[in-house]
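See below for the structure under consideration.
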Amino acid sequence: MNYNSDLEKLYRGFIAEMDQPLASRYYEEDELLDIFDYATDIADDAVRMEVVLMAQRLYPGSTEMAERKAMLYWSMGNDNAATKVIGMIPGKHFMARLTRLRIKFGKNGISADDFSALIKGVKRGTIPDEEIIQLIEAVEDSAQMQWLVDNYDKLKELAQYPETLMYNIVDPILDWNSNDNFEFVNRVLDDLTMASPYDIGYWEFAADIVARCEADPERALGFTEYALAINPKSVKSLVIKAECLLSIDKPDVPAAVKAAMEASMLDPKSASVCMAYAHALYANGQNEEAMQVVKRYLDRPGCELSVIVPVAKIFDSLDIYSLLKSAVANVNPDDREHQLDTVLTKFVEYGKYEYVAQVMELIEELGFQAMYKPEFMVELYFRTNRFERALPYLEKSYPLDNRTWLLALIMSLPHEHKELSLNVIDERIELLDTVIKRGNFAEILEAKAIKAYVAEVRRAVNSGEKFDIAKFSPFNQDTPLRF
């Protein structure tokens, strides 16, 4: 399975010629359909419109392109234009009928009975790939995934290429099935690999899904072995195999190192290979070698800074700032801000606030800090004992919410006007009590946590005791850093 490489090449070539007059360009009808469908998958409306314009000139009688034109108008919110186009399409074509349903009932309102009526009378093996993809999307939009499960066997019969159905329903089914019941997904994966047993991409897809979503490394290893039997030099299969060997009940660390090393020799520029190889070396006790793998990767032009995130999860402590600062020069200047934000966001999600602060220091040095709220910066630097870095942002945090106000209060201690401080604290406690009485669940939890800290601050102010800011770091456990 090589879904995207040829299509992407065709799509990129089309884009490269878009500055030339339509009259000077020529594509076969099938090529235009493929470009349109690829652009649909990545939501590129500009290319889709350009394809429609070219098809109007080259293939004005194309029913398939007219159906896509109607779909484009519908997706852009112009139901009237879409309806007019559908009205000019002869016969009862599947995609036109599906688009008509979408117009009639809205994006989210198609019922299971409507979908059943749509496929009634359709001949075996007559629904092309794009129609299958659009059907799955419409079913998912209308929250009718049970209909898709119930009609899976029927749809396999109707599809021109059943593999397209199998491949494209897996992710929607996983998103819909919230009770971790993978029986149906596993059935689809088995069907998919058996339908095209010599297509390595399907085996790798199955291995990745089973390892990543089902946390079943033993079964995923079975899929990778089939994939490697087809192509022993498949980098993706070797990476999945290495990670699975480390995750099984009785990890085979030497075999994982061997698989990851083979992948590294085949593709040393790959971020996924770097992460897998470093992980395997670390699991084998080769910590220094693991870090060298990461550093060598980050020294390469075009590196992905996000490799630092999983690496930081396996090492106890890292100088993230220095690693990033030396690597950022190897990143395309247009992509640096985005990549740093991705790293920072991941560390926020994992609660690694010391690493977040180190990333933010580099972001500030590069002048990318404008997109972050002052309240976030205050709390981040307070949590990580960087009070001086927090102060400039504290001045911009107005009006102060309860959480930022508490941090500001703590950083202003000791305050020479005791009574004034107590009055301000008491006023804020009244506001917190109001939130506790009337707020939603999340607001109540936060207000209670803040009130507990405020009470401790008030006691210290009232008694005149020395207040040690370094030992008073609220929110480290009870509430996450707001981003």
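Here are the numbers for this structure:
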{"read-out": "All positions within segment 183-203 that are of a type in the set (A, V, I, L, M, F, W, C) and either open to solvent by 40 Å² or more (accessible area, probe 1.4 Å) or touching a strand residue (DSSP E or B) at 6+ places or on another chain (Cβ under 9 Å) (or both)", "value": "MET194, ALA195"}
{"read-out": "Condition met for ALA43 (outside any helix (DSSP H, G or I) and open to solvent by 30 Å² or more (accessible area, probe 1.4 Å))", "value": "yes"}
{"read-out": "Of all residues making up segment 77-118, the number that are in contact with a helix residue (DSSP H, G or I) (Cβ under 7 Å, 6 or more places away or on another chain), surrounded by 13 or more Cβ atoms within 10 Å (Cβ to Cβ), at pLDDT below 95 and in a loop (DSSP other than H, G, I, E, B)", "value": "3"}
{"read-out": "Residue match in segment 244-266 (condition: among the aliphatic types (A, V, I, L, M) and closer than 21 Å to ASN186 by Cα)", "value": "yes"}
{"read-out": "Qualifying residue in segment 54-63 (condition: over 26 Å from ASP171 (Cα atoms), open to solvent by less than 10 Å² (accessible area, probe 1.4 Å), assigned to a helix (DSSP H, G or I) and in contact with a Lys or Arg (Cβ under 7 Å, 6 or more places away or on another chain))", "value": "yes"}
{"read-out": "Near pairs, Cβ below 8 angstrom, 6+ apart or cross-chain, from segment 300-326 (within 20 Å of HIS279 (Cβ to Cβ)) to any residue that is open to solvent by 50 Å² or more (accessible area, probe 1.4 Å) and not in a helix (DSSP H, G or I)", "value": "ARG300/PRO268; ARG300/LYS269; ALA312/LYS352"}
{"read-out": "Test for GLU395: is it modelled with pLDDT of 90 or more, acidic (Asp, Glu), assigned to a helix (DSSP H, G or I) and more than 19 Å from GLU304 (Cα to Cα)", "value": "no"}
{"read-out": "Pair list, Cβ under 6 Å, 6 or more apart: segment 434-445 residue of a type in the set (D, E, K, R), other residue surrounded by 13 or more Cβ atoms within 10 Å (Cβ to Cβ)", "value": "GLU443/VAL435"}
{"read-out": "Residue tally, condition within 16 Å of PRO162 (Cα to Cα), part of a helix (DSSP H, G or I) and in contact (Cβ under 8 Å) with a residue 12 or more places away in the chain, over segment 191-202", "value": "6"}
{"read-out": "Answer from LEU431, LEU422 - the residue that is open to solvent by 70 Å² or more (accessible area, probe 1.4 Å) and not polar (S, T, N, Q)", "value": "LEU431"}
{"read-out": "Selection status of PHE223, outside any strand (DSSP E or B), in contact (Cβ under 8 Å) with a residue 40 or more places away in the chain and farther than 24 Å from ASP113 by Cα", "value": "no"}
{"read-out": "Some residue of segment 16-25 being open to solvent by less than 80 Å² (accessible area, probe 1.4 Å), more than 24 Å from the chain's Cα centre (by Cα) and closer than 29 Å to LYS236 by Cα", "value": "no"}
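Rundown of residues vs (1) open to solvent by less than 30 Å² (accessible area, probe 1.4 Å); (2) in contact with a Ser or Thr (Cβ under 6 Å, 6 or more places away or on another chain); (3) assigned to a helix (DSSP H, G or I), yes/no style:
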{"site": "LEU228", "(1), (2), (3)": "yes, yes, yes"}
{"site": "LYS236", "(1), (2), (3)": "no, no, yes"}
{"site": "LEU245", "(1), (2), (3)": "yes, no, yes"}
{"site": "ALA280", "(1), (2), (3)": "yes, no, yes"}
{"site": "SER326", "(1), (2), (3)": "no, no, yes"}
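The values are calculated or read from the model by the stated rules, or taken from the named source; none is laboratory data. Remember, predicted model here, so these are calculated numbers, not experimental data. Counting neighbours? That spans all protein chains shown, and the Cβs are built from the backbone with ideal geometry, glycine included. These accessible areas exclude ligands, DNA and RNA; they are computed on the full protein's heavy atoms, side chains included. Shrake-Rupley method; radii C 1.70, N 1.55, O 1.52, S 1.80 Å.
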